[in-house]
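Participant: This is the structure I have questions about; it appears just below.
The values are calculated or read from the model by the stated rules, or taken from the named source; none is laboratory data. Small disclaimer: the values here were computed from a predicted structure and weren't measured. Using ideal geometry, Cβ is built from the backbone for each residue, glycine included, and neighbour counts are taken over all protein chains shown.
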Amino acid sequence: QVQLIESGGGLVQAGGSLRLSCATSGRTFSEFTMGWFRQSPGKARDFVAAITRSDLRTSYADSVKGRFTISRDNAKNTVYLQMNSLKPEDTAVYYCAAGSTWSSYLSTTPNAYNYWGQGTQVTVSS
């Protein structure tokens with residue numbers, strides 16, 4: 001069983017930066033892929049970024065490429081999302097997700113992930 005807890009959200013001005021953290025339970029942190037998704041009121045949950053466990057390969061949504069960086073520290077069982085050059089359209093609740101099957105490998109689909117955190121609010125003012 002995996003538990004995920006996000007932190008680091010807040011209110012920033014456009015062009016600013018935030019760093020989100022996702023603390024995970026478990027001794028081995030063995031999930032194939034860790035991902036970040038975001039969701040605005042009335043909209044679907046959209047893919048943001050993902051990183052694999054074994055080879056640290058990454059994938060990003062086109063809307064955040066060049067601005068966001070996902071990383072993980074397996075020793076600390078923590079995943080990070082560094083968000084730079086934030087835009088008002090980045091405003092959303094950000095969710096950390098873990099996928100324990102091969103189908104989750106750099107997956108952009110929420111259904112491929114088994115475990116989810118409760119989310120952390122990111123608000124970017126114009």
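Participant: Answer yes if at least one residue in the range 22-44 is at positive phi and at pLDDT 95 or above, and no otherwise.
Facilitator: Step one: list which residues in the range 22-44 are at positive phi, which gives 26, 29, 42.
Now restrict to residues that are at pLDDT 95 or above: none.
There is no residue in the range 22-44 that is at positive phi and at pLDDT 95 or above.
Participant: Give the range 70-111 a look and list any residue that's small (Gly, Ala, Ser) and either closer than 11 Å to MET34 by Cα or surrounded by fewer than 16 Cβ atoms within 10 Å (Cβ to Cβ) (or both), or say none.
Facilitator: First pass over the range 70-111, keeping only residues small (Gly, Ala, Ser): 71, 75, 85, 92, 97-100, 103-104, 107.
The answer is SER71, ALA75, SER85, ALA97, ALA98, GLY99, SER100, SER103, SER104, SER107.
Participant: Only one of (1) surrounded by 15 or more Cβ atoms within 10 Å (Cβ to Cβ); (2) more than 15 Å from TYR115 (Cα to Cα) is not met by SER40, so which one is it?
Facilitator: Against the list (1) surrounded by 15 or more Cβ atoms within 10 Å (Cβ to Cβ); (2) more than 15 Å from TYR115 (Cα to Cα), SER40 comes up short only on (1).
Participant: Given the conditions (1) surrounded by 13 or more Cβ atoms within 10 Å (Cβ to Cβ); (2) of a type outside the set (A, V, I, L, M, F, W, C); (3) part of a loop (DSSP other than H, G, I, E, B); (4) free of Cβ contacts under 8 Å to residues at least 60 places away in the same chain, report the number of the one that GLY16 does not fulfil.
Facilitator: With respect to (1) surrounded by 13 or more Cβ atoms within 10 Å (Cβ to Cβ); (2) of a type outside the set (A, V, I, L, M, F, W, C); (3) part of a loop (DSSP other than H, G, I, E, B); (4) free of Cβ contacts under 8 Å to residues at least 60 places away in the same chain, GLY16 is out only on (4).
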